Amino acid sequence: MTDTLEIGGRKIVNRLFIGTGKFASYPVMRRALEESRAEVVTVALRRVDSSSGTENILDYVPKGCIVMPNTSGARNADEAVRIARLARASGSTEWIKIEVIQDNKYLLPDNLETVKATEILAKEGFVVLPYMSPDLSMARRLVDAGAAAVMPLGSPIGSNRGVKTRELIEILVREIKIPVIVDAGLGAPSDACECMQFGCSAVLVNTAIAIAEDPAGMAKAFSDAVAAGRLAYRSGLPSAGTGASASSPLTGFLHEDSHRQ
Amino acid sequence: MSFYDILREQAGSRWSELSSGVPAAAVEKAVLAEDPSPGQFAALLSAGAEAHLETMAIRAQALTLKHFGRTIQLYTPLYISNYCDNECVYCGFNVANIIDRKRLSPAEVEKEAAFLASTGLRHVLVLTGESREMSPVSYIAECVRVLRGYFSSISIEVYPLAKEEYSALIKEGVDGLTIYQEVYDEALYARLHGRGPKSDYRFRLDAPERGARAGMRSVNIGSLFGLDDWRKEVFLTGLHARYLQNRFPDVDIGAAIPRMRPHEGLFTGAVTVTDTNIVQAILALRIFLPRLSLSVSTRERSSLRDNLVPLGITRMSAGSMTCVGGHTAAGGAGAPQFEISDERSVADIMAMLKEKGYQPVLKDWMRI
């Protein structure tokens, strides 16, 4: 049976989501999306220009991809909600990635405003994927607010530092029953692989692919790494801490004894 | 608390250090610093750091790629009025200059807007001379209402306003503020702006903060290169930008490095600023403040602008004219503020960026 991730009624095979900012050109971006066979891409609504006469980024997203607009630029819940509604009005999917950032230096999200926006938009029927700082209480609130997944950061956006927040994300993976998708900070395919190995449902990568010398090659590398990490997780990677069991139980003899008795 | 307090603390410090000896090791350390201190920023601006421009460029390029990717945002200036009450000796709009004065009517603004928007540009910077009488806030607001139909982001570069006036323009659709201090040295500022409302140094210095407090999404500052020692001016611009970033973390803070150009009138500038100096200023600002937006205008000639693209700038103006009504010459154009050096069309600038492996970003915001 194919291993799929289900979000918002859609079944997704490729667990690498890709962000569309920072590419040298739309054709370069398209090649990266094609090469990686990504199924979910996020696009900042602020960059979409549907007026005639200019290039439209959406024309360069391969057919069949789920386009998840994001609320980049929103400084509070109210702005995120308005951007989400504009996105829906412009004819895209019901999917929305919430980004509420009041900190331009580190681009760290405002979890409180993110919860508020999630609650409003989920009620309006959006499939809401909120970008967040990994925090269990906030993740639980996001679940209660109707989020379709949570997207904790591995390290600050664009930093390429990898999964610096691993301990906290692992807690989310264990405790949160909706998909945990690591978004931001993954600098190398090995980082993405690591996230998948410890049980994340997917990862979202932009900078590391977009500014690589060969973005298409790097996108493929990330895609393969994500698939490998996922397979390792499903195959019971001992260190993953979940889903692993010894083929012959080490304490099985105790039960055998009890049977004898 | 205002940036003025920080400026006063700086008075008299470091300037001699900037032009003389900073040990090479200190410069090398500053280039690689994760969060450079003001002292390290000064080292990057020092005369000694000129020998390290290549390593600074490598670092600046890497930082810019990480934070902004392979993209350059394009915007275009739109001059709507050149009436001015000031006597800035370095500016073509100087009230003492006998030039054609013009103010666009809303219908003329619409013509210019339609022309500019047809090039694909979606970010516009509205400029006026400094005359509250001839271009009052109500007039600027009227023009903004026209421009809303053509542009997704509207910034203003007008005389300094009160916070409430900024708020009023934000309600009309303005999201960005550009205001250059021209020169941070208070005594020199007083000499260069002897008469007119611009002589109020402090009201101008605090304008970026008032704009940020009023809710501007982006605020751009800078000083006019050629009026004073550029090392000192860039150092203070950097400190000002850092102060604004720390105080208003949700505002996109930017800086520019406008260099004096020929204009009406006689003043030609006290200080020569070379291309090497411009490059050093950009690299030092980038390393000091990795997320700072950095713009370069058509004041600079095309070959230099092209070479600056991969070094740390994030925004360029395109298709610029510095005279009122210059694009459609509706009713005749007014005199220019200064001569531009890069006269290429928007399409040519976009082609150049693509050629260099950079994505021209025409739209990066929308009214919400």
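Derivation of every value follows stated rules applied to the coordinates shown; laboratory data play no part. Not measured: the values here are computed from a predicted model. FYI the Cβ positions are ideal-geometry reconstructions off the backbone, even for glycines, and counts take in every protein chain you see.
In the set A:199, A:125, only one residue is more than 14 Å from chain B (Cβ to nearest Cβ), closer than 19 Å to residue A:68 by Cα, outside any strand (DSSP E or B) and not aliphatic (A, V, I, L, M); that residue is A:125. Just one of the listed residues (B:80, B:6, B:98) is under 30 Å from residue B:132 (Cβ atoms) and more than 24 Å from the chain's Cα centre (by Cα), namely B:98. Of the residues making up the range A:108-130, just one is surrounded by 19 or more Cβ atoms within 10 Å (Cβ to Cβ), in contact (Cβ under 8 Å) with a residue 40 or more places away in the chain and closer than 26 Å to residue B:244 by Cα, namely A:109. The set of residues in the range A:77-114 being more than 26 Å from residue B:212 (Cβ to Cβ) and either touching a Phe, Trp or Tyr at 6+ places or on another chain (Cβ under 7 Å) or more than 12 Å from every other protein chain (Cβ to nearest Cβ) (or both) consists of A:88, A:91, A:92, A:93, A:94, A:95, A:96, A:97. On inspection, residue A:25 qualifies as farther than 27 Å from residue A:193 by Cβ and surrounded by 15 or more Cβ atoms within 10 Å (Cβ to Cβ).
Residues in the range B:218-252 that are away from chain A (no Cβ under 14 Å) and hydroxyl-bearing (Ser, Thr, Tyr): B:223, B:237. When the criteria are applied in full, residue B:79 fails the requirement of being touching a strand residue (DSSP E or B) at 6+ places or on another chain (Cβ under 8 Å), crowded, with 19+ Cβ neighbours inside 10 Å, within 14 Å of chain A (Cβ to nearest Cβ) and of a type in the set (Phe, Trp, Tyr). The condition of being more than 14 Å from every other protein chain (Cβ to nearest Cβ), assigned to a loop (DSSP other than H, G, I, E, B) and either on the phi > 0 side of the Ramachandran plot or surrounded by 23 or more Cβ atoms within 10 Å (Cβ to Cβ) (or both) does not hold for residue B:340. May I ask you to verify whether residue B:83 is free of Cβ contacts under 8 Å to residues at least 60 places away in the same chain and touching a Lys or Arg at 6+ places or on another chain (Cβ under 8 Å)? So residue B:83 fits the description; yes. Of the listed requirements (1) on the phi > 0 side of the Ramachandran plot; (2) in contact (Cβ under 8 Å) with a residue 60 or more places away in the chain, residue A:204 misses just one: (1). Picking from residues in the range B:245-260 that are part of a loop (DSSP other than H, G, I, E, B) and in contact (Cβ under 8 Å) with a residue 12 or more places away in the chain, the one that is nearest to residue B:90 (Cα to Cα) is B:260. Taking residue A:118 as the residue in question, decide whether it is away from every other protein chain (no Cβ under 14 Å) and part of a helix (DSSP H, G or I). The answer is yes for residue A:118.
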